[in-house]
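Engineer: First the structure, which I've put down as structure tokens, then a few questions once you've had a look.
The values are calculated or read from the model by the stated rules, or taken from the named source; none is laboratory data. Predicted model, so just to flag it, every value in this text is computed and none were measured. In this analysis, Cβ positions are derived from the backbone assuming ideal geometry, glycine residues included, and neighbour counts consider all displayed protein chains. Note: accessible area is taken over every heavy atom of the protein model, side chains too, but ligands, DNA and RNA are not part of it. Shrake-Rupley method; radii C 1.70, N 1.55, O 1.52, S 1.80 Å.
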Amino acid sequence: MIHIQNYINGGFTDPIKNEWLDNICPADGLVYGKLPNSCTKDVQIAYEAAHDAYLSWSETSIEKRSAILLKIASLIEANLERFAVAESKDNGKPISVARSIDIPRAASNFRFFSQAITQFYSESHEVRSQKTINYTLRHPLGVVGCISPWNLPLYLLTWKIAPAIATGNCVVAKPSEVTPYTAFLLGEICNEAGLPKGVLNIVHGLGSTTGQAIVGHPNIKAISFTGGTETGKLIAKTAAPFFKKLSLELGGKNPNIIFADCDYNKMLSTSVKSSFSNQGQICLCGSRLFVEASIYEKFKVDFIERVGQLIVGPPSEESTQIGALVSKAHFEKVLSYIDGIDKTQNRVLFGGKRMRIQGHENGYYLSPTIIEVNSNQCKLNQEEIFGPVVTLMPFESDDDVLEMANDVKYGLSATLWTNNLKRSLLFSEQLEAGIVWINTWMQRDLRTPFGGTKSSGVGREGGFEVLRFFTETKNICINYE
Ligand code: TXE
């Protein structure tokens, strides 16, 4: 049994009230660890540690902060296998994915922000006729809160922590209670890298207790959150009376728009990935596939064939491409969408069933699922399912597909497959999304702004955008006449 503890002030501690949650392995449904369900008092202690560390950390030179972040990146890389095994066990994702994507990206987050902070700058504005010069200061906020989800556990936690501490803030962080393991291991790495105690504090627990205590803490100045849209609303409501800075990266229901003039083979293999990577549990997955009518029937046959070749299996096996869904509750939620379809309007073309994997009969395995729908208004196209379930629908014209792509409450990302330059430019301008991919998917450059519109959230992460988020801007105006 793994005994996960809070990481506060550079040490590992049990929760004050001695309340514990089960840590369950989605591959077989068995409890394999315990984690704290931290209360308001635990959060307060973490806050005090962060507050005490703040003065010194915020005045630590950029070179030193940068060097520590770089060391953390190197240590994550040196412990790649240990982290990958933990992530795969906790989340159900294939070990090959944890090893090649999640953990390397967590290291990249620290490496990237160790460099970005050395290039961060502010502006000055001179008006010579009035003999004035304005210059802008960007100072850290103080103690900030970072709350992350279970789908990309270490990847998304570090995506928040790294820029927060790079800019001189101290952090109280809470990973998802469903996937706490790699966050726990990160504490050890931070100590080894020489991160001063209290700069990063990680408290574990439920959203409704620990998460709520962080968001409702009067002196935690900003909340960076990734998770569900409903949780985002609750966080916004709790944080509003304190006027906290908020960055909310929420759900998505992203269109994958396929025109007949695209590079067909590249589109086909990328669409399999954009539909089912990480068991479809990525906010950027393209879950609504709109295919131009002239190639619809061909695409349907080819797509089903390719999806049928995906290997569903235990996350620990090297050959597995689709692992287990993250939890029983989430598995049941995803399955309920499939079981609840209106069979007069929608048709399951492939999958749609629980899979029993030999030796892992109680694991949360679902075969990748393709459903043909006849209206973009159906529940399957309007609600975020967040699992290995996609819908297919043909379209006749550019106008029709653009309207359907935008006719949803979410606006995170969109993918477009076409070789028509004019169409690419028009669609990129008119698609209601924070991120548009043309003839590709999920090619990430950490310098770019990342986030969504509409119910997909507010604010942008990445690059200088997030460094601005984690700093308070002050303008100084001097008259030098
Ligand atoms: O996420 P939650 P859930 C979507 C996806 C999924 C749905 C619900 O559709 O089915 O959200 O998932 C913490 N105050 N996404 O319920 O609850 C929680 O402990 C403060 C999309 O598992 O949003 C965890 O650390 N914190 C998404 C984090 O919020 C609270 C990724 C996210 O959990 C809290 C995950 C509260 N009141 C799910 N309540 C994406 N955008 O990538 C919960 N939390």
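Engineer: Consider Leu325 carefully, then state whether it is in a helix (DSSP H, G or I), farther than 21 Å from Leu412 by Cα and not hydroxyl-bearing (Ser, Thr, Tyr). Reasoning before the result, please.
Structural biologist: Details: in a helix (DSSP H, G or I): no; farther than 21 Å from Leu412 by Cα: yes; not hydroxyl-bearing (Ser, Thr, Tyr): yes.
Taking the combined requirement at face value, the residue does not satisfy it.
Engineer: Follow-up question, since we're still on this one. Determine if the stretch 104-113 includes at least one residue that is at pLDDT 95 or above, surrounded by 24 or more Cβ atoms within 10 Å (Cβ to Cβ), within 13 Å of the ligand (Cβ to nearest atom) and within 17 Å of the chain's Cα centre (by Cα).
Structural biologist: no
Engineer: Can I ask one more? Could you tell me how many of the residues in the stretch 231-243 are open to solvent by 20 Å² or more (accessible area, probe 1.4 Å) and either within 12 Å of the ligand (Cβ to nearest atom) or assigned to a loop (DSSP other than H, G, I, E, B) (or both)?
Structural biologist: Adding up the residues that qualify gives 7.
Engineer: So the check is Cβ under 7 Å with 6+ separation or different chains; which pairs have a first residue in the stretch 300-317 that's surrounded by 14 or more Cβ atoms within 10 Å (Cβ to Cβ) and a second one that's modelled with pLDDT under 95?
Structural biologist: none
Engineer: Something else: Which is touching a Leu at 6+ places or on another chain (Cβ under 7 Å) and either near the ligand (Cβ under 9 Å from one of its atoms) or not acidic (Asp, Glu) (or both), of Gly187, Gly194, Gly207, Gly228?
Structural biologist: None of the other options fit; the residue is Gly228.
Engineer: Is it the case that Leu246 is without any contact (Cβ under 8 Å) to a residue 24 or more places away in the chain, open to solvent by 10 Å² or more (accessible area, probe 1.4 Å) and among the aliphatic types (A, V, I, L, M)?
Structural biologist: no
Engineer: Arg460 - would you say it is surrounded by fewer than 19 Cβ atoms within 10 Å (Cβ to Cβ), more than 22 Å from Ser277 (Cα to Cα) and of a type outside the set (A, V, I, L, M)?
Structural biologist: no
Engineer: Name the pairs whose Cβ atoms lie under 6 Å apart, with the first residue in the stretch 220-236 and closer than 15 Å to Ser208 by Cα, the second open to solvent by 40 Å² or more (accessible area, probe 1.4 Å) and within 7 Å of the ligand (Cβ to nearest atom), and 6 or more positions between them or separate chains?
Structural biologist: none
Engineer: Across the stretch 340-385, which residue is surrounded by the fewest Cβ atoms within 10 Å (Cβ to Cβ) among those that are within 16 Å of the ligand (Cβ to nearest atom) and either more than 25 Å from the chain's Cα centre (by Cα) or assigned to a strand (DSSP E or B) (or both)?
Structural biologist: Filtering first and then ranking leaves Gly340.
For every residue, the table says whether it meets (1) buried (at least 24 other Cβ atoms within 10 Å of the Cβ); (2) assigned to a helix (DSSP H, G or I).
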position	(1), (2)
Ile257	yes, no
Cys262	no, no
Asn265	no, yes
Thr270	no, yes
Lys273	no, yes
Gln279	yes, yes
Cys283	yes, no
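Engineer: Sticking with this structure for a sec: Please specify each residue of the stretch 4-35 satisfying the condition of being crowded, with 16+ Cβ neighbours inside 10 Å, among the β-branched types (Val, Ile, Thr) and free of Cβ contacts under 8 Å to residues at least 60 places away in the same chain.
Structural biologist: Selection gives Thr13 alone.
Yes/no per residue for (1) of a type in the set (Gly, Ala, Ser); (2) under 22 Å from Ala414 (Cα atoms); (3) within 16 Å of the chain's Cα centre (by Cα):
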residue	(1), (2), (3)
Val215	no, no, no
Thr229	no, yes, yes
Glu249	no, yes, yes
Phe259	no, yes, no
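Engineer: If you don't mind, there's one more thing I want to ask. Does Arg138 count as among the basic types (Lys, Arg), under 22 Å from the mean Cα position of the chain (by Cα), open to solvent by 10 Å² or more (accessible area, probe 1.4 Å) and more than 14 Å from the ligand (Cβ to nearest atom)?
Structural biologist: For Arg138, the condition - among the basic types (Lys, Arg), under 22 Å from the mean Cα position of the chain (by Cα), open to solvent by 10 Å² or more (accessible area, probe 1.4 Å) and more than 14 Å from the ligand (Cβ to nearest atom) - is not met.
Engineer: Within the stretch 402-417, track down each residue that is part of a strand (DSSP E or B), away from the ligand (no atom under 16 Å from the Cβ) and not polar (S, T, N, Q).
Structural biologist: Once the filter is applied, which keeps residues that are part of a strand (DSSP E or B), away from the ligand (no atom under 16 Å from the Cβ) and not polar (S, T, N, Q), the stretch 402-417 yields Leu416, Trp417.
Each row is one residue, and each column tells you yes or no for (1) of a type in the set (Asp, Glu); (2) closer than 24 Å to Ile24 by Cα.
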position: Trp57; (1), (2): no, no
position: Asp90; (1), (2): yes, yes
position: Pro94; (1), (2): no, yes
position: Ser114; (1), (2): no, no
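Engineer: Out of the residues in the stretch 210-225 that are open to solvent by 10 Å² or more (accessible area, probe 1.4 Å) and more than 10 Å from the ligand (Cβ to nearest atom), which is nearest to Ile103 (Cα to Cα)?
Structural biologist: Looking at residues that are open to solvent by 10 Å² or more (accessible area, probe 1.4 Å) and more than 10 Å from the ligand (Cβ to nearest atom), I get Lys221.
Engineer: So which residues in the stretch 97-132 are farther than 30 Å from Glu318 by Cβ and among the polar types (S, T, N, Q), if there are any at all?
Structural biologist: Once the filter is applied, which keeps residues that are farther than 30 Å from Glu318 by Cβ and among the polar types (S, T, N, Q), the stretch 97-132 yields Ser114, Gln115, Thr118, Gln119, Ser122, Ser124, Ser129, Gln130, Thr132.
Engineer: Could you please let me know if Ser176 is within 22 Å of Ile117 (Cβ to Cβ) and either assigned to a strand (DSSP E or B) or under 19 Å from the mean Cα position of the chain (by Cα) (or both)?
Structural biologist: no
Engineer: Of the numbered conditions (1) farther than 17 Å from Ser287 by Cβ; (2) open to solvent by less than 50 Å² (accessible area, probe 1.4 Å); (3) in a loop (DSSP other than H, G, I, E, B), Trp441 satisfies every one except a single condition; which is it?
Structural biologist: (1) is the only condition that Trp441 fails.
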